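Novice: Once you've had a glance at the structure underneath, I'll fire off some questions.
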Amino acid sequence: GVPQGFITMSSGQSRQMASPLSWTSYKGVKDVKESAFRSRLDQLFMQYPNTDIAKQALSAHIAAVKEYVSTISEKSGTGLEVSDGVPPAVPAFPEAGQNDLVNSDEIPTYAYNWCVSPMTPMAVAGVIWIPSAANIGYEPEVYAAELEIYRKSLANTYGVPDLQFLFAHPSTKIVEGVKPPADANAKYVTFDQWPKSLADLATELAGFAKK
């Protein structure tokens, strides 16, 4: 079986694309610099008023509202019709997850806040990661980078230096372009079809665990 103190992480066949960054804590992603994740991180930082991205969004919103009010004042008496150049509505306040380019389930910490944070700190010996199709995310080509960021965050999440991390990895037969992290110490098994049960894979990975 799985060694005592290990936890097995997977969101199952969720409709939400909770890829590894979604399972990573705020501390684990706040200093990430990879340009591939910039738009997603910006949506995360929108939720924190003291971040630069939140301050910029607020300033832009205030300017948009002022322009809206000015337009209404100028058009007063014309009937305030859209055809007269009047905006159809007050500019919406910028909110995380409302960006047309970034879905709410792509925002880092999304799954962590719901599924992991309430259970920490926990006394664990390691983490076994078994992804479902939803855990790969919308961009398989950046999955390896996401998983490496997630792995590095775990020691802080659980308060255990050098926390053991074991994972199952889908082959390119089922996910084109997916690669495992470039970590010489990575311990993982590969599977060619999405697992219906975590038991067999978790037990196989448990064989790599340090006693």
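The values are calculated or read from the model by the stated rules, or taken from the named source; none is laboratory data. Here the structure is a predicted model, which means the values were calculated and not measured. With ideal geometry, Cβ positions are generated from the backbone for all residues, glycine too; neighbour counts draw on all protein chains shown.
Novice: What residue, among those in the stretch 161-173 that are touching a helix residue (DSSP H, G or I) at 6+ places or on another chain (Cβ under 8 Å) and farther than 14 Å from Ile130 by Cβ, is surrounded by the fewest Cβ atoms within 10 Å (Cβ to Cβ)?
Specialist: Restricting to residues being touching a helix residue (DSSP H, G or I) at 6+ places or on another chain (Cβ under 8 Å) and farther than 14 Å from Ile130 by Cβ, the top hit is Pro161.
Novice: Going through Ala133, Ala123, Ala155, Ala168 one at a time, which residue ends up being over 12 Å from the mean Cα position of the chain (by Cα) and without any contact (Cβ under 8 Å) to a residue 12 or more places away in the chain?
Specialist: Within the list Ala133, Ala123, Ala155, Ala168, the selection yields Ala155.
Novice: Are there any pairs, at least 6 apart or on different chains, whose C-beta atoms fall under 7 Å, with the first in the stretch 84-109 and farther than 18 Å from Tyr68 by Cβ and at pLDDT below 85 and the second assigned to a loop (DSSP other than H, G, I, E, B) and β-branched (Val, Ile, Thr), and if so, which?
Specialist: What qualifies is Ala96/Ile107; Gly97/Ile107.
Novice: State yes or no: is Ser25 of a type in the set (S, T, N, Q) and modelled with pLDDT of 85 or more?
Specialist: yes
Novice: Val69 - would you say it is modelled with pLDDT of 80 or more, over 23 Å from the mean Cα position of the chain (by Cα) and in a helix (DSSP H, G or I)?
Specialist: The answer is yes for Val69.
Novice: Somewhere in the stretch 131-145, is a residue aliphatic (A, V, I, L, M), surrounded by fewer than 18 Cβ atoms within 10 Å (Cβ to Cβ), over 17 Å from Ser22 (Cα atoms) and touching a Phe, Trp or Tyr at 6+ places or on another chain (Cβ under 9 Å)?
Specialist: Checked against the condition, which is being aliphatic (A, V, I, L, M), surrounded by fewer than 18 Cβ atoms within 10 Å (Cβ to Cβ), over 17 Å from Ser22 (Cα atoms) and touching a Phe, Trp or Tyr at 6+ places or on another chain (Cβ under 9 Å), the stretch 131-145 yields no hits at all.
Novice: Residues of the stretch 90-119 being over 12 Å from the mean Cα position of the chain (by Cα) and in a loop (DSSP other than H, G, I, E, B), which ones?
Specialist: Matches in the stretch 90-119: Val90, Pro91, Ala92, Phe93, Pro94, Glu95, Ala96, Gln98, Asn99, Asp100, Leu101.
Novice: Continuing with this model, one more query. With respect to Thr190, is the statement that it is in a strand (DSSP E or B), surrounded by fewer than 16 Cβ atoms within 10 Å (Cβ to Cβ) and without any contact (Cβ under 8 Å) to a residue 40 or more places away in the chain true?
Specialist: Spelling it out, Thr190 is indeed in a strand (DSSP E or B), surrounded by fewer than 16 Cβ atoms within 10 Å (Cβ to Cβ) and without any contact (Cβ under 8 Å) to a residue 40 or more places away in the chain.
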